[in-house]
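The values are calculated or read from the model by the stated rules, or taken from the named source; none is laboratory data. Because the structure is predicted, anything quoted here is derived from the model rather than measured. Cβ atoms come from the backbone with ideal geometry, glycine included; neighbour counts cover every protein chain shown.
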Amino acid sequence: MRYNRVLLKISGEALAGVKGFGIDPEVVLNIAKQIKDAHKKGVEMAVVCGGGNIWRGKTGADMGMERASADYMGMLATIMNGLALQNALESIGVDTRCMTAIEMKEVAEPYIRRRAVRHLEKGRIVIFAGGTGSPYFTTDTTAALRAAEINADVILMAKNGVDGVYSADPKIDPKATKYDRLTYLDVLNKDLKIMDQTAITLCKDNDIDLSVFNMQQEGNIALACENKVNGTIISK
Ligand code: UDP
């Protein structure tokens, strides 16, 4: 079964490559190629980029900055990532639109829900940058919010090296086991750290499935679009 409309969440970290910081154009191009292959399967696809490879609001707040200002810097970081991804996708012939939650119309389109849906219907990949546009949120919450707004069938949570949700951290606990399926109630009761609580609650309340998988394995984004990836599915 192939999904019709998906929302892909890519963390900022995934764009940084081995340096662990900033944007590695080669890594971004590789992700873009995976996205292109997945898109060719005939799914409508929107992407939310994180910004943690450049700046996280909490880091600034921990250093004494006002949280809201630090968070706006984080949102700007997600826009830099969005533009890098758009550039990589366009370099391989994929039609894209980058939409920002904070208006910056010389750089990208402002986010307008109906326009975003129209782009998807026309087969364009839409990149949602700038998070929700409000401080105190994360890009995981952005993914849940935008998925609800555009009526996505699923959020594809592409992870960097982790192939699903485990009972404990597999790097620390050798007895950790991977879950194939979970409900949102399981996630809340077991306090599993997949997304922040706001994002999980939004997904649960709006009945949005979540597919967690390892993006570093070539071809997994396409498999996830077909609901065939070896990861963890979370649903109601
Ligand atoms: N951010 C925000 N509001 C949002 C989304 C993001 O304030 O709606 C800020 C926040 O400071 C966050 C930063 O942008 O730390 C980068 O996003 P996130 O940490 O979610 O990126 P990721 O961990 O996915 O790379």
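Just the residues that are closer than 18 Å to residue 147 by Cα and assigned to a helix (DSSP H, G or I), please, taken from segment 39-74.
Passing the criteria: only 39.
Tell me, which residue of segment 17-33 that is of a type in the set (Val, Ile, Thr) and either in a helix (DSSP H, G or I) or more than 14 Å from the ligand (Cβ to nearest atom) (or both) is farthest from the chain's Cα centre (by Cα)?
18
Tell me, which residue of segment 163-191 that is in contact with a strand residue (DSSP E or B) (Cβ under 6 Å, 6 or more places away or on another chain) and part of a loop (DSSP other than H, G, I, E, B) is surrounded by the fewest Cβ atoms within 10 Å (Cβ to Cβ)?
Looking at residues that are in contact with a strand residue (DSSP E or B) (Cβ under 6 Å, 6 or more places away or on another chain) and part of a loop (DSSP other than H, G, I, E, B), I get 176.
Considering each of 100, 138 in turn, give the residue that is touching a helix residue (DSSP H, G or I) at 6+ places or on another chain (Cβ under 6 Å), within 16 Å of the ligand (Cβ to nearest atom) and hydroxyl-bearing (Ser, Thr, Tyr).
Just one listed residue meets the conditions, 100.
Give me the pairs, please: first residue somewhere in segment 2-16 and more than 14 Å from residue 47 (Cβ to Cβ) and near the ligand (Cβ under 8 Å from one of its atoms), second residue anywhere and assigned to a loop (DSSP other than H, G, I, E, B) and modelled with pLDDT under 95, beta-carbon distance under 9 Å, and either six or more positions apart or on two chains.
From residues that are more than 14 Å from residue 47 (Cβ to Cβ) and near the ligand (Cβ under 8 Å from one of its atoms), the pairs are 13/20; 13/160.
Of the residues 58, 41, 9, 36, which single one is charged (D, E, K, R) and at pLDDT below 95?
41 is the lone residue from the list that is charged (D, E, K, R) and at pLDDT below 95.
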